[in-house]
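Every read-out reported here was derived from the displayed coordinates using simple, explicitly stated rules and does not represent laboratory data. Just so it is clear, the model here is predicted, and its values are computed rather than measured. Neighbour counts run over all protein chains shown; Cβ positions are idealised from the backbone, glycine included.
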Amino acid sequence: MRYPGTPDGRYFVVRGRLWRTTNPSIPEDERAVLTKALMKARRDIREARDTNAALEEDARRRVHEAKVKLGERGAPWWTDGAPDYNRHLAKNTPYKAWFEKQCSEA
């Protein structure tokens, strides 16, 4: 499934909400390692859920760390000083007109 990405490449949209994309300046080999670690941690959350709180907490920490290293959380990866609208509804951001156009074309 492909989600629409904002024209500036900073976000993609899922159910009307902006989610920060991976930092495009991360080298491909490093991105692949981080993505693999992220997916492993997500699987570990599912396996530990409702059975081992300590393992689930550790896996959630690893998810967060990987997402920060990928640029999807933490400080924005862009350097032009633009605000971060991660997790905001697109309709409540400067991306509103672009998002409405995407919806009308769908």
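Could you tell me whether any residue of the stretch 60-82 is over 15 Å from the mean Cα position of the chain (by Cα) and not in a loop (DSSP other than H, G, I, E, B)?
yes
Out of the stretch 57-76, which residues are surrounded by 12 or more Cβ atoms within 10 Å (Cβ to Cβ) and of a type in the set (Lys, Arg)?
Arg60, Arg62, Lys67, Lys69, Arg73 - these are the residues of the stretch 57-76 that are surrounded by 12 or more Cβ atoms within 10 Å (Cβ to Cβ) and of a type in the set (Lys, Arg).
For residues that are in a helix (DSSP H, G or I) and either hydroxyl-bearing (Ser, Thr, Tyr) or buried (at least 16 other Cβ atoms within 10 Å of the Cβ) (or both), tally how many sit in the stretch 16-56.
10
Check Thr93, Thr79 and return the single one that is within 26 Å of Glu30 (Cβ to Cβ) and among the polar types (S, T, N, Q).
Thr79
Please go through the stretch 77-104 and pick out each residue that is aliphatic (A, V, I, L, M) and exposed (fewer than 12 other Cβ atoms within 10 Å of the Cβ).
If the condition is that a residue be aliphatic (A, V, I, L, M) and exposed (fewer than 12 other Cβ atoms within 10 Å of the Cβ), then Ala82, Ala97 are the ones that fit.
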